[in-house]
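Note sheet for the following structure.
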Amino acid sequence: MDFSLSREDELFKRNVAEFAKEYIEPRWVEIDESGVIPTDLIRRMGEQGLLGMPISEEYGGLGETYLRTALAIEELAYHDPAVAIAVYVLLNNGWPYLLQLYANDDVKAEVLPRVVKGEYFFGIASTEAHGGSDVAGIKTFAEKGDGVWRVSGEKIYISGVREVLEQLDGGGWLLVSKTGSLDYGHRNITTFAFLPRRNGELLGEIDYTIFEEIGRGGLSTGGFKVEGFPIEDRYRVGEEGKGFYILMEGFNIARILVAAACVGSARWALDQGVEWIRNRRLFNGRRLSSFQGIYMRFSELYAELEAARLFTLRAAWMVDRIYREGDPTLNPKDLNIPVALAKYKGPETAARIYEEVMKWMGAYSYMKESNVYRGWLGILSYLVGAEGGQNIMKIIIARDYIGREYIRG
Ligand SMILES: Cc1cc2nc3c(=O)[nH]c(=O)nc-3n(C[C@H](O)[C@H](O)[C@H](O)COP(=O)(O)OP(=O)(O)OC[C@H]3O[C@@H](n4cnc5c(N)ncnc54)[C@H](O)[C@@H]3O)c2cc1C
């Protein structure tokens, strides 16, 4: 076992940190306030390689490891603790990878280079109004005729709706749909590369809404409804009826990067807190950091942050062993517990750190100018459910450790 990063990994991380300090840090508050990541910044991140870290060089990516991708996401979130930029980047490094693994070659060649350059957004469209945790119950349905699927249904709380349908040249989502029958269950789920807008043109009718959110202002979340929207069969991702497994693989990859974003944002918050307690003087000039009740709490939180980071990096390292190195002793299901631990621990730790740091800062933290609340609201998206609810992570851990039959009763 080796717990240190290689020199190359350290260098990669430092390069991303320098980029983020120069191009993101000066704009993060304005981005959070305005609700848009400027297109020029998205393109610049593309030029820097940040939008295609694990995508192979054949499609314009860097062909990097997921370990480095996670390190990069942590740095981006440190410099935009409201996490919109880290989330934009993580979605576009997570879900397109599924295309690289399972899509037709011509679809990969069409979509991946555009995502990598920041011309297209590519995320995930799974959630429906009846409850995002219950994938087996989705109602979106695709019917095939003459090599073209007609998809009908409604998705809600989907990241990237404005980016795809208004801001960039287009893109879309890995669409999760029932095929064959609408029966409850996961054996009739198929995934598609659903690209409703390409090169600035809408390819069918799509009703959409963009929601007002309380945090992570730069990235949009919305919903859309389609009725018989055509998707050519070559945009099917993986086999018919096997979409559930592809979706779960995608979640396992994306959730690691989510945890990395929470770690980066929380590290920023803890640094703000440390700066504050070192300088704030109370009770006849004593530093706040000199009170045991404060520095003991710091150490507890720091320990939790390091644990969250180690969970994250271990899960990313495992992804590389499975998908890049083809380690015969591992399979994608071995990621379930390590990833669920990282996705569970990341947001919980970050929320605890934000709460404590805001208490250390007292009334100042409640003022808009402190900006700390922006990070807290950003990471809250992951505590309430984005990329899978916290209880779902606990179900995965218990199911795989105690045993499926033992937790069913
Ligand atoms: C900012 C944001 C962005 C998002 N972006 C996307 C996106 O891009 N694409 C997408 O598809 N979805 C997206 N989502 C939706 C997200 O995936 C869902 O919020 C998530 O799957 C949970 O679904 P839900 O919110 O409908 O809650 P529900 O499924 O209704 O669950 C409610 C609560 O019950 C808990 N729960 C559920 N089942 C159980 C159980 N069996 N036992 C105990 N507790 C349980 C959950 O953990 C949760 O706390 C986004 C959400 C947010 C907030």
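The values are calculated or read from the model by the stated rules, or taken from the named source; none is laboratory data. Since the model is a prediction, treat every value here as computed from it, not as a measurement. FYI the Cβ positions are ideal-geometry reconstructions off the backbone, even for glycines, and counts take in every protein chain you see. Ligands, DNA and RNA are excluded from the accessible area calculation, which covers all protein heavy atoms including side chains. Shrake-Rupley method; radii C 1.70, N 1.55, O 1.52, S 1.80 Å.
What's the total number of residues in region 271-291 that are under 30 Å from residue 342 (Cα atoms) and either surrounded by fewer than 19 Cβ atoms within 10 Å (Cβ to Cβ) or in contact with a Ser or Thr (Cβ under 8 Å, 6 or more places away or on another chain) (or both)? Steps first, answer last, please.
Of all residues in region 271-291, those under 30 Å from residue 342 (Cα atoms) come to 271-277, 289.
Cutting the leftovers down to either surrounded by fewer than 19 Cβ atoms within 10 Å (Cβ to Cβ) or in contact with a Ser or Thr (Cβ under 8 Å, 6 or more places away or on another chain) (or both) gives us 271, 274-275, 277, 289.
Here the count works out to 5.
Take the residues in region 360-388 that are open to solvent by less than 20 Å² (accessible area, probe 1.4 Å) and under 19 Å from the mean Cα position of the chain (by Cα); name whichever of them is farthest from residue 333 (Cα to Cα).
Filtering first and then ranking leaves 374.
Pull out all pairs, ordered by first then second residue, where Cβ-Cβ is under 7 Å, the residues are six or more apart or on different chains, the first lies in region 210-238 and is within 22 Å of residue 39 (Cβ to Cβ), and the second is more than 15 Å from the ligand (Cβ to nearest atom) and assigned to a strand (DSSP E or B).
224/207
Looking only at region 131-170, how many residues end up being closer than 20 Å to residue 113 by Cα, open to solvent by less than 20 Å² (accessible area, probe 1.4 Å) and more than 12 Å from the ligand (Cβ to nearest atom)?
Here the count works out to 3.
Report, by residue number, each residue of region 105-130 that is more than 16 Å from the ligand (Cβ to nearest atom) and either touching a Cys at 6+ places or on another chain (Cβ under 9 Å) or open to solvent by 50 Å² or more (accessible area, probe 1.4 Å) (or both).
First, the residues of region 105-130 that are more than 16 Å from the ligand (Cβ to nearest atom): 105-114, 116-119.
Of everything in region 105-130, those that are more than 16 Å from the ligand (Cβ to nearest atom) and either touching a Cys at 6+ places or on another chain (Cβ under 9 Å) or open to solvent by 50 Å² or more (accessible area, probe 1.4 Å) (or both) turn out to be 105, 106, 109, 114, 117.
Could you tell me which of the residues 313, 335 is touching a Leu at 6+ places or on another chain (Cβ under 7 Å), more than 18 Å from residue 214 (Cα to Cα) and either in the same structural domain as residue 297 (by TED's automatic domain parsing) or within 14 Å of the ligand (Cβ to nearest atom) (or both)?
Residue meeting the stated conditions: 313.
Looking at (1) out of contact with any Cys (no Cβ under 6 Å at 6 or more places or on another chain); (2) of a type outside the set (A, V, I, L, M, F, W, C); (3) touching a residue at least 12 places away in the same chain (Cβ under 8 Å), find the lone condition where residue 347 falls short.
(1)
Residue-by-condition table, conditions (1) without any contact (Cβ under 8 Å) to a residue 40 or more places away in the chain; (2) within 16 Å of the ligand (Cβ to nearest atom); (3) not in a helix (DSSP H, G or I):
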| position | (1), (2), (3) |
| --- | --- |
| 365 | yes, no, no |
| 379 | no, yes, no |
| 382 | no, yes, no |
| 394 | no, yes, no |
| 397 | no, yes, no |
| 400 | no, yes, no |
| 406 | yes, yes, no |
